[in-house]
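Before any comments, here is the structure.
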Amino acid sequence: MRKTSPRPFRPIRPGEILQEELDARGWSQAELAEIMERPVQAVNEIVVGKKAITAETARQLARVFETTPEYWLNLETSYRLDLASATPAGKEDEVERRARLHDFGPIKEMLNRGWITVRDPKNLDQLETALGRFYGVPRLTRDLRLPCAARKTGGGELTSAQLAWVTRVRNLSESQSVESFQPKRLVKLALKLASQSATEAGIQQVPALLREVGVRVIFLEALPRTKIDGVALWLAESPVVGLSLRFKRVDSFFFTLLHEVAHVCNEDGKDHPRLDIDLLGGDADEDIDPCERRANQAACDWLIPPDRLKQFIGLHRPRFSRAAVTRFGEELGIHPAIVVGRLHFEGLLPHSHLRPLLGDVRQLLSNEILQ
């Protein structure tokens, strides 16, 4: 183990070294102040330790005493470290422990939302116990995992905030009562879920329809800067779909919903974490693994049959009028937002066009959205 240099019994102020230099030359603090063109008070505050030596002051002192600026800055740094080392025993360990606990999620936000509860938020023992209870583990470790298929922006593993959100979805779903899971009925439902988008009442019926075939549905407000849209996970043999409704658009809601339904149909995320790259986020297609590409394609095809889309594009390209989009949506029995969203994604329609047709699904599902 590397040995550290012993710290002094009493922190030595840089000002003490400065005063020794003045005494050696027979100078007063006032004379030094005159040489440096500084107020006498500024020199005195450095000597007594009320004022720290800055980079500019270190440069001036180096010229006065024929040393280097680093010499004076090192004295200042050592003094500040010595002061810090004089903190009560165990205080430094508490800082490290608090930092470690914050690796498991945005604790303040989790406390504010009631995801975890403690009598005293500053009590680290209580906090660690609450986090362990939240994640359902006897001991918090850095390799904490939760099998799931999560749709989020960007690649890589779940961030701590994303993992906290997915865990909260799981925890909330445990108390939700649903019918036994019926995979064949889910596949049939997936084929017609897009038609629920045609009316406000149809959109509001979506959660109940999924629960009837044994799929738990949780709409959970995302944590700040989490950038996660949805997740599919399993409670034993019972599937759970969680949506953050990060984007309030009707097209985003139905695409994310059907994407996660596709994962359930394929039993993705049942044994290990599987991370999606956000299809609508513009990530390169080659970055999406085959499982995610399959879920993306299923969602697209369930929303708009490929042959009908190809025919529509052939008839109206390059100009897609509001009337044409609305009429096509009516023919398919779906909300026009789904058509607009697909045209945006395919690059056939600028993202600034026909945005009033996208709708706001959050208002319709407000009673279902949890924090």
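Mind listing whichever residues of region 12-29 are assigned to a helix (DSSP H, G or I) and hydroxyl-bearing (S, T, Y)? Correct list: empty. Within this structure, A62 passes the test of being farther than 16 Å from R13 by Cα and touching a Pro at 6+ places or on another chain (Cβ under 6 Å).
Kindly check whether there is at least one residue in region 140-163 that is among the hydrophobic types (A, V, I, L, M, F, W, C), outside any loop (DSSP other than H, G, I, E, B) and either free of Cβ contacts under 8 Å to residues at least 24 places away in the same chain or more than 30 Å from H335 (Cβ to Cβ) (or both). There is at least one residue in region 140-163 that is among the hydrophobic types (A, V, I, L, M, F, W, C), outside any loop (DSSP other than H, G, I, E, B) and either free of Cβ contacts under 8 Å to residues at least 24 places away in the same chain or more than 30 Å from H335 (Cβ to Cβ) (or both). Taking region 62-85 as the range and being basic (K, R) and either touching a helix residue (DSSP H, G or I) at 6+ places or on another chain (Cβ under 8 Å) or within 18 Å of E31 (Cβ to Cβ) (or both) as the test, only R63 passes.
Residues of region 331-354 that are loosely packed, with under 13 Cβ neighbours inside 10 Å and either among the basic types (K, R) or in a helix (DSSP H, G or I) (or both): E331 alone. Counting the residues of region 30-63 that are part of a helix (DSSP H, G or I), of a type in the set (V, I, T) and surrounded by 14 or more Cβ atoms within 10 Å (Cβ to Cβ) gives 5. Of the residues T256, T226, T199, T167, the single one that is buried (at least 21 other Cβ atoms within 10 Å of the Cβ), without any contact (Cβ under 8 Å) to a residue 40 or more places away in the chain and not aliphatic (A, V, I, L, M) is T167.
Could you list, in sequence order, the residues of region 89-118 that are loosely packed, with under 10 Cβ neighbours inside 10 Å and at pLDDT 95 or above? Residue satisfying the conditions is G114 alone. Annotation: G114 fulfils all but one of (1) out of contact with any helix residue (DSSP H, G or I) (no Cβ under 9 Å at 6 or more places or on another chain); (2) in a helix (DSSP H, G or I); the unmet one is (2).
Scanning region 89-111 for residues that are assigned to a loop (DSSP other than H, G, I, E, B) and either under 21 Å from the mean Cα position of the chain (by Cα) or at positive phi (or both) turns up G90, G105, P106.
Taking (1) in contact with a Leu (Cβ under 7 Å, 6 or more places away or on another chain); (2) of a type in the set (A, V, I, L, M); (3) modelled with pLDDT under 95 in turn, A236 satisfies each apart from (1).
Residues to consider are R151, R145, R113; find the one that is of a type in the set (D, E, K, R), under 21 Å from V231 (Cα atoms) and touching a Pro at 6+ places or on another chain (Cβ under 7 Å).
One residue alone meets the criteria, R145.
Here D276 meets the list (1) buried (at least 21 other Cβ atoms within 10 Å of the Cβ); (2) at pLDDT 85 or above; (3) outside any helix (DSSP H, G or I) almost entirely, failing just condition (2).
The values are calculated or read from the model by the stated rules, or taken from the named source; none is laboratory data. Given the structure is predicted, the values throughout are model-derived calculations rather than measurements. Glycine gets a Cβ as well: all are built from the backbone with ideal geometry, and neighbour counts include every protein chain shown.
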